[in-house]
1. Can you run phi through the Karplus equation (6.51, -1.76, 1.60; θ = phi - 60°) for segment 90-100 and list ³J(HN,Hα) in whole Hz, with x for Gly and Pro?
2. Treat each spin label as a single point 7 Å out from the Cα along the C-beta direction, and report the Asn153 to Gln189 distance in nm.
3. In whole Hz, with x marking every Gly and Pro, tabulate ³J(HN,Hα) for segment 213-224 from phi via Karplus 6.51 cos²θ - 1.76 cosθ + 1.60, θ = phi - 60°.
4. What ranking, highest mean first, results for peptides 177-188, 250-261 when packing means the other Cβ atoms within 10 Å averaged over each residue?
5. Below 13 angstrom from the Cβ of Arg81, what's the summed charge of the other residues (Lys, Arg +1; Asp, Glu -1)?
6. Would you mind getting me the FRET efficiency between Arg182 and Glu210? Use the beta-carbon distance for r and R0 = 22 Å, nearest 0.05.
7. Give the long-range amide H neighbours of Asp154: residues separated by 5 or more places, or on another chain, with amide H under 5 Å away, using H modelled in the peptide plane at 1.01 Å from N.
8. Given axes a ≥ b ≥ c from the Cα gyration tensor, I'd like to know whether segment 44-146 is rounded (a/c under 1.5), prolate (a/b larger than b/c) or oblate.
Amino acid sequence: MKASVAAVAVVASLLGLAGCATEGAMPATDGALSTTSAATGAVLPGSPEESDERRRARIRLELAASYYQQGNFKVALDELRQAMEIDPGYAPVYGVLGLVYNDLGERDRAEDAFQRGLRLAPNDADLNNSYGWFLCQTGRERASLERFARALNDPLYRTPAKPLHNAGICALRIGDEETAERNLQRAFQVDPSNAVAMYHLAELYLKRAEANRSRFYSQRLLSTYEPTPQTLWLALRVEHALGHVDAEKSLAAQLQRRFPDSPEAALLAQGRFGG
C-alpha cells in the first residue's frame, strides 16, 4: 500500500516550493522533530526510573511537538514553557523550542534555544541534527555538515537517515555534489524508503544527464508514495530526457488531471522541461 501524500510533501518544503513546513505537512526530516533521543540520558521515557518531573515535562513536550506539527505555534510555545518550568534540564525541550522560533522567523531566539539545549546535552543526536538544519537554513552550510556528522556519532540514534539526507541537501546548496551524493546514497542505503534521498538523487542524476540512474529513484519514489506535483514532474522530466514518449504522456496526463493548478502543470504547459 502506498504511503500518504504527506510523507512526500517534505520534498517540496526542502526545495523551497512550500513554506516552512512542519510534521503535519511532512515527515520529521529537516528538524528531526523528536522528543526521545537516545543520547538525552540513560533513563528511558516511561520507565520506572523516570522521575515524575521528567515524565510531566516529556508529556508537555509531546503535546508541544503535536501542536508544532499542526502549525499552532502559540499553543506549542505555551506547552514548551510549561515543560521548561517543570524540568529546566530537559534538553529536548530546547530543540523543539528552537524549531518553533525558527519557523516564526525569530532566529536569535532559535539560536539561544539550541545553544541552551546543547549545553545540557552536547552529544544529543536530535539536537545536533536540528541545530544543523537551522545552520543550513541560515547560510552556515559548512557548519551544518559538522553537526550532522556529530549526530551520526551516536550509535543508538534511531533515525540516521535524517542527518544523512539533511547533509546531502545542505551540500547541494553550496554546490558540493560529491558530498551531497555520498550522504544521500548513505541515507538511501540506511532507509530505502527515504523519499527525500530518492528525490534529490533523482534530481542530481538528471542534472548530470545520467537519466537512467535518475529513473531508478524517480520510479521508486512514485511506486512507494502517492504522487505529488513535484514527484510527477520529476518522473516526467526523466522520461522526457530518455525519449520515452508514451511514459511521458502518461505522466503528463496524471499531472494535468490531478494537479491542474500546480506550478509544475504550468511548466508542462510551457514546455519548460528544465524547470
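The values are calculated or read from the model by the stated rules, or taken from the named source; none is laboratory data. The structure displayed is predicted, hence computed values, not measured ones. Glycine also receives a Cβ, built like all others from the backbone with ideal geometry; neighbour counts cover every protein chain displayed. Heads up: the accessible areas ignore ligands, DNA and RNA and are worked out on the full protein's heavy atoms, side chains in. Shrake-Rupley method; radii C 1.70, N 1.55, O 1.52, S 1.80 Å.
1. So the J values, rounded to whole Hz, are 8, 4, x, 4, 6, x, 5, 4, x, 5, 5.
2. 2.2 nm
3. Ordered by residue, 3J(HN,Hα) equals 5, 4, 4, 4, 7, 5, 6, 5, 4, 5, 7, 9 Hz.
4. With the highest mean Cβ count within 10 Å placed first, the list reads 177-188, 250-261.
5. So the surrounding residues net to -1.
6. Details: r = 16 Å, r/R0 = 0.71.
Rounded to the nearest 0.05, the efficiency is 0.90.
7. none
8. Working: a/c = 2.22, a/b = 1.41, b/c = 1.57.
Oblate, because a/c is 1.5 or more while a/b does not exceed b/c.
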